[in-house]
Every structure is written in C-alpha cells, then in structure tokens.
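Engineer: First the structure, which I've put down as structure tokens, then a few questions once you've had a look.
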C-alpha cells in the first residue's frame with residue numbers, strides 16, 4: 001500500500017498547455033480521501049507550487065526548488081531546507097559574469113537575472129499573462145553582483161544557460177571543481193517555442209541547476225517521509241525529467257512519463273501514459289484505486 005505519492009508538476013502533472021485536467025483533479029481527490037499523502041515535488045518556486053496545491057487540496061506539505069525547500073503551506077513552517085552558501089553564490093555569479101555565462105539566481109522571493117534571455121525569457125513569455133498564482137513565477141529582478149551581495153534572503157539555487165553546447169560542456173567541467181554544490185546538468189539541449197506578439201520565437205539552450213551539496217528531490221522526500229514514519233517501499237514518485245532521476249530511482253515505485261526524458265525513463269520501473277493522456281491519473285487509478293483499463 002502506497003502512503004506517499006510525490007508528483008512533479010511540469011511535464012508530469014500538467015498537460016503540455018500547462019493545465020490541470022478535471023480527470024486529474026478528481027482522481028487525486030479520490031486518492032487523498034483514502035488518507036494517502038500526495039505531495040507536489042517541483043523545481044518551481046514556493047508560491048507557484050502553493051497555488052497548484054491549493055487547487056488540488058493535496059497534502060499540506062510541498063517540495064520546491066528541486067528539493068531545496070519543504071514547506072507546510074498551512075502553517076508556513078519550513079520543514080526542511082538546504083540553501084547555497086552566499087559566498088558560493090557570489091563565486092558562481094562572478095564566474096558567470098567573467099565568462100559571459102547566463103545566470104538566474106533564486107531566492108524564495110525573487111529571481112535575479114542580468115537580462116531576459118534563455119530560460120528566463122521562456123518563463124516570462126509562457127507565464128506572465130496568467131492571472132492565477134499557480135502558474136506564475138516570483139518577481140524578476142534585473143541586477144548584478146553588487147545587488148546579490150546585498151541580498152539577505154537565503155539562496156535556493158542558481159541556473160546557468162548557454163546556447164553553445166561546447167561552451168556549456170566546458171562550463172560544466174569547471175563547475176565540477178566546486179565541492180560544495182550539487183550539479184544537475186541537463187543531458188540534452190532544451191528547445192522551446194514562445195509567442196512574442198504575433199511571432200513565434202524558437203529558443204535553444206543548454207542549462208544546469210546548481211543547488212547546495214546533496215540536495216535533490218529525493219533527499220527532500222526522504223527527510224519528510226522519515227519525519228512521517230513512512231517507509232521507502234510505501235513511496236511512489238512520478239516525474240519526467242533529469243531532475244526527477246533520484247526520486248524515480250529511490251522510491252518504492254518510480255514512474256516516468258511517456259513524454260519524459262530518456263534518462264528518466266531509463267531508471268523508471270514503470271512508464272506512465274503521457275501528460276496529455278492524464279498519465280498521472282491513470283497511474284493512480286491503476287496502482288492505488290485498482291481501476292483496470
């Protein structure tokens with residue numbers, strides 16, 4: 001019997017239009033009504049995850065920033081956190097500026113960028129027009145190293161991007177020499193199409209997420225489930241991308257979406273139907289509600 005279900009959001013819970021379907025909402029309600037904890041486990045910032053959790057009326061815990069933060073949304077208590085040391089952030093941003101590498105620095109309150117490019121541009125164009133906080137992003141702050149040095153909020157992570165794969169690979173090799181960070185490097189080039197007025201803009205870039213050492217979605221899940229007295233074999237994890245690998249590998253039942261990255265599928269025990277086929281709902285029906293297709 002599964003007592004804890006960790007679900008990634010983008011590419012997993014939401015369809016390709018960024019929507020929650022009625023089928024998914026209704027199925028998750030049936031699961032939570034059984035007393036099973038459904039915990040959103042995302043790379044998104046806290047406010048964005050909160051909004052979706054409120055829509056679903058899931059468990060009061062959410063896991064944000066790829067495992068850097070676990071929050072009880074009913075009490076606003078931070079149950080678990082692992083932040084990047086400020087001096088390390090300063091070194092990383094200085095390295096980015098010196099080598100003309102694009103960066104996005106995250107706190108719980110804002111995303112600090114030099115300008116609007118790559119992933120930040122995609123986030124802005126895809127989400128800024130949406131009224132619901134559920135799919136919004138934190139405030140974007142255009143600033144450099146001096147501002148970052150003045151920030152008092154803890155730093156959850158930094159994302160680096162580059163459109164040249166060879167340069168990106170050389171950057172990753174340098175970052176591997178930092179011994180106090182966790183480096184989640186995308187094994188593929190990200191291709192996104194965003195609308196800018198009547199035009200469609202194609203964005204192609206490689207990116208990596210940098211967190212505090214030994215921080216990922218699984219370490220956050222393990223910290224929370226240990227507190228709750230839930231065993232590994234009672235945990236189900238559903239994801240689609242390279243930042244979901246650890247939780248898919250370590251959960252009692254690790255599931256990757258059919259639309260997911262090959263690296264996620266390789267480590268999964270089960271492949272779910274795609275996010276456009278209500279794959280999360282189908283998995284819950286099959287493995288929790290005993291609905292047979």
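Engineer: When N is the residue count of segment 1-96, what does its C-alpha Rg come to as a fraction of 2.2 N^0.38 Å?
Structural biologist: Working: Rg = 15.5 Å, N = 96, 2.2 N^0.38 = 12.5 Å.
Normalised Cα radius of gyration, segment 1-96: 1.24.
Engineer: As a test, work out the antiparallel percent of DSSP beta bridges whose residues both lie in segment 1-125, rounded to the nearest 5. Display every interim value, and only then the final one.
Structural biologist: Values: 11 of 16 bridges.
Around 70 percent antiparallel, to the nearest 5.
Engineer: Consider all pairwise Cα distances in the chain and report the whole-number % of them above 29 Å.
Structural biologist: Considering the chain, 31 percent of its Cα-Cα pairs are separated by more than 29 Å.
Engineer: Another question, if that's okay. Using only C-alpha atoms and all pairs of different ones, pull out the Kirkwood radius for segment 41-87 in Å with one decimal.
Structural biologist: This gives a value of 10.8 Å.
Engineer: Grab the DSSP H runs of the chain that are 4 residues or longer, score each as -39,500 (n - 2.57), total them, divide by all residues and round the 222 nm result to the nearest 500 deg cm²/dmol.
Structural biologist: Numbers: 10 runs with 95 residues, N = 293.
Helices in the chain give a 222 nm mean residue ellipticity of -9500 deg cm²/dmol.
Engineer: Next question. May I ask for the distance between the Cα centers of segment 81-96 and segment 37-59, given as a whole number of Å?
Structural biologist: Cα centres, segment 81-96 to segment 37-59: 26 Å.
Engineer: With both bridge residues required to lie in the chain, what share of the DSSP beta bridges run antiparallel, to the nearest 5%? Mind dumping the intermediate values first?
Structural biologist: Details: 35 of 55 bridges.
Percentage antiparallel, nearest 5: 65.
Engineer: If you don't mind, there's one more thing I want to ask. Have a look at 63, 248, 52 and tell me which one the Gaussian network model of the chain (Cα, springs below 10 Å) gives the largest fluctuation.
Structural biologist: The residue with the greatest mean-square fluctuation here is 52.
Engineer: Let me ask something additional. Of the residues 149, 86, 141, which exhibits the maximal mean-square fluctuation in a Gaussian network model of the chain defined by a 10 Å Cα contact cut-off?
Structural biologist: The residue that fluctuates most here is 149.
Engineer: I've got another one for you. With a 10 Å cut-off between alpha carbons and a GNM built on the chain, which of 186, 212, 272 moves the most?
Structural biologist: It is 186.
Engineer: Where does helix 118-127 land angle-wise versus the long Cα axis of the chain, in degrees 0 to 90, nearest 10?
Structural biologist: Taking the Cα atoms of the chain, the angle to 118-127 is about 50 degrees.
Bear in mind that the values in this text are calculations on the coordinates, not laboratory data. Just so it is clear, the model here is predicted, and its values are computed rather than measured.
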